[in-house]
Amino acid sequence: MIKSLNLKILLIFTVAVAIGLGGSIPITVYLFKDQITQSIQNEYAVRSWLISDVFSRLAPTERGLFLKQLSEKQKVSLWIYDRNGLRYAYGSTSMPNLSDGDIRRVQDGAEVVRRTSVLPIPTSLHMGFPLQTADEQLALVIHPERSNILLLFSILGALILIALVIGSLKFILFTRIVVKPLKILTAATKKIAKGDYNIDLQTKSKDELGVLSEQFQQMAHEMSQVERMRQEFVSNVSHELQTPLASISGFVSILQTDGLNEAEQRRCLNVIRHESMRLSRLSENMLRLATIDSNHHPFHPSPVQLDRQLRRIVVSAEPQWSAKHLNIHLELPKTAIHADEDLLSQVWLNLFGNSIKFTPEGGDIFIELQSGNGVIGVVFRDTGIGIAEEDRKRVFERFYMADKSHNREAGGSGLGLAIVKRVVELHGGRVEIDSAEGKGTAVTVFLPVM
Ligand code: ADP
């Protein structure tokens, strides 16, 4: 089993060229067999005239010697037939490949050629030519024992061999160009498998391998980001779990001490209840995000009456906003949309929840519905604490909280806006946030009408 790609390509190249050239020569010769046979026949016809001329002028006693010398020098087998049969035979081939009928036709003046193989090389031909002497009509059969064609074939073979050697050397250089980036890529995959995403493939070429390297580099970059996010996520989750758990265990210890009055006990229990609810909300939100992320979330778009849905959210949160004496202003014209009702309801709950959470007592919250150009805009505007500019870019990140201590107290975990963003994106929309510190925040969700 050949392991090197270099060697494999070289082998394929050599075999392909060898088969191509080696096969093309006999095929071409076969295709032109008639023309080649004719050409050889013409050449020997000329020779036969010369033989005939000398033969007819020689005394019968000298003819045998002449034919013998001719056969040896010219490396041909010669036969001469008269009306009674074979008269002379010289050369290494025992019998000509011509039938009695053929011989008779030659004696009558015809030229007859017979081949002993499919390829029309001279050594496969037996050629019969009429030989006229002063007193009789003979048949001369010539069969070349050696041919220059074989020399030509040897030269061609050598040429193919030299071409293969030179071609292979060039091919090795060429395959190196192809194989080198693949080797670099293999090294890079090994690095990634070990958890090192810091790879630099430095590709300049724009061919398929260049594109592959570029995509690979891009993939490694994205994988490193995913890995960084995963690590951040794990540390965030453990931190978010740690804080309420530490608080619960602390207050349980206090409860175990003797001599606590009823009010103190109630305070401890309240904190424990508050913290466990926070834990429950956190796991609920994490689960929700994980399901949306996994793309296995059942996404069931249906016609939704948006104004009615928003009113229901406001009514359901009444205990929270009335406890803070907040004024809610609604501007909700009748608007219908095609969306997943449950997921969308989570978006409004999170946004309205934030407005309530971050708006001081007696503040105002405005919820407005606008539509036009195939887009519906839902605005949650409040007169709350606002978000600093450097925090505004990051509030959609998971677990990001602008004011951690204050926010945790309010039961937040930094997942609300991440959920909002994912759900809105799932609907093909986008979220914009506009805020001024100390003045208030406006979050607008844009959704396509669909
Ligand atoms: P949380 O559960 O902490 O509210 P979110 O993802 O909903 O998490 O919000 C992320 C952060 O964005 C919050 O911690 C808060 O600092 C800021 N934020 C979100 N909405 C508002 C708002 N209406 N007013 C002021 N700050 C906000």
| remark: Counting every C-alpha pair in the stretch 39-105, the percent lying more than 19 Å apart is 36 percent
| query | Angle, helix 33-57 long axis vs. longest principal axis of the chain, Cα atoms, 0 to 90°, nearest 10? | reply | 20 degrees
| For K75, which lysines qualify as cross-link partners when the Cα separation must be under 24 Å and same-chain residues fewer than eight apart are set aside? | K33
| note | So the angle from the long Cα axis of helix 60-74 to the longest Cα principal axis of the chain, reported in degrees to the nearest 10, equals 20 degrees
| Computed magnitude of the charge dipole of the chain (debye, nearest 20; Cβ of K, R +1, Cβ of D, E -1) | 1680 debye
| remark: Cα-Cα pairs in the stretch 291-450 separated by more than 25 Å, as a whole percent of all pairs, come to 27 percent
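Using Cα pairs under 8 angstrom and six or more residues apart, how large is the relative contact order of the stretch 1-159, in percent?
22 percent
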| request: Mind checking which lysines have their Cα closer than 23 Å to the Cα of K191? Skip sequence neighbours fewer than 8 apart in that chain. | output: K3, K180, K183, K204
| Computed over the stretch 252-382: relative contact order in percent, which uses C-alpha pairs under 8 Å that are six or more apart | 22 percent
| task | Take the Cα radius of gyration of the chain and divide it by 2.2 N^0.38 Å, with N its residue count; two decimals is plenty. | result | 2.22
| note | Relative to the chain, whose Cα atoms define the longest principal axis, helix 306-316 and its Cα axis are tilted in degrees, nearest 10, by 40 degrees
| query | If you take the Cα atoms of the stretch 1-123, find Rg, then find the Kirkwood Rh from the mean of 1/r over all pairs, what is Rg/Rh? | reply | 1.23
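State the extension gain, in nm to one decimal, for the chain segment bounded by S322 and I155, taking 0.36 nm per residue of separation less the distance between their alpha-carbons.
49.7 nm
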| Where does the stretch 82-172 land on Rg/Rh, using Cα atoms and the Kirkwood Rh? | 1.27
| said: Going by Cα centres, the stretch 224-298 and the stretch 115-176 are how many Å apart? | reply: 93 Å
| note | Both in Å, the radius of gyration and Dmax of the C-alpha trace of the stretch 246-331 are 20.0, 60
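FYI, it's all coordinate maths here, none of it is from the lab. In this text the structure is predicted, and so the values were computed from the model without any measurement. Please note: Cβ atoms are built from the backbone with ideal geometry, for glycine as well, and neighbour counts cover all protein chains shown.
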